[in-house]
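Notes for the one structure printed next.
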Amino acid sequence: MCLETALVAAGMSAATASTVSSAIGFAGTALSALGSIQSGNAQARAAEYNAQAAQNQAAAQEAQQRRQSARVMAAGRANAAASNIEMDGSPLEVMADSAANAELDALTIRYGGQVRADQERMRGSMARQAGYMGAAASLLMGMGQASRGSRAPNVPEAPPKPNPSPLAVG
């Protein structure tokens, strides 16, 4: 039994039952649309949090890589000094190449963090857009259902109530 029929059977006029049913349908549609938007926004906030976490993690790894590289470079210079190796020519070129590679490693870590952050932000943007699209779809479906309901109200009027006594004169 549909809502309008139930309301009419409970004694409500068909017009009032139709209005109440439409209002309830509209409220449901509006709540569904709002829920879609809120869900998309929540997912976008979570994605932004994840993006920031990826950048923070990459920054920490980059700093750790730089410290490790600095220790290795310092140990190399100390070993060279202890061995009385002069820091010119080939040893200097090796140290310069090592420093360049260490910097490249650190920058690669930073870049990886930025790529992960960008992916998360894109995921958040897509979730927000999906929320708006879901809201639009809910509203359009609700309007379509409302227009179908308003074209063919086939809810019968409530039957007149019988007289309580056959002897009663009206």
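Along the chain, the longest continuous region that contains none of the GluC sites (Glu not before Pro) in a DSSP loop with at most 13 other C-beta atoms within 10 Å is 1-85.
By accessible area, using a 1.4 Å probe on protein heavy atoms only, region 1-80 has 61% of its surface on carbon and sulfur. Summing Cβ point charges (Lys, Arg +1; Asp, Glu -1) relative to the Cα centre of the chain gives a dipole of roughly 760 debye. Spin-label pair GLN145-MET87: with each label point 7 Å from Cα along the Cα-Cβ axis, the two points sit 7.6 nm from one another. Which residue, chosen from LEU139, ALA27, ASN56, occupies the Cα position most advanced towards the positive end of the dipole of region 1-146, where the dipole is computed from +1 (Lys, Arg) and -1 (Asp, Glu) charges on Cβ about the Cα centre? So the residue we want is ALA27. Among ALA46, ALA6, ALA82, flag the residue with its Cα farthest along the positive direction of the charge dipole of the chain, charges on Cβ as +1 for Lys/Arg and -1 for Asp/Glu. Farthest towards the positive pole: ALA6. Extension gain for the segment ARG71 to ALA6, taken as residue separation times 0.36 nm less the Cα-Cα distance, is 15.3 nm to one decimal.
Hydrodynamic estimate: the Kirkwood radius of region 1-96 over Cα pairs, inserted into Stokes-Einstein at 4 °C and 1.567 mPa s, corresponds to D of 63 µm²/s.
The values are calculated or read from the model by the stated rules, or taken from the named source; none is laboratory data. Note that the coordinates shown come from a computational prediction; the quantities given were computed from them, not determined experimentally. We place every Cβ from the backbone using ideal geometry, glycine too, and count neighbours over all the protein chains shown. Please note that ligands, DNA and RNA were not included when accessible areas were found on the heavy atoms of the full protein model with its side chains. Shrake-Rupley method; radii C 1.70, N 1.55, O 1.52, S 1.80 Å.
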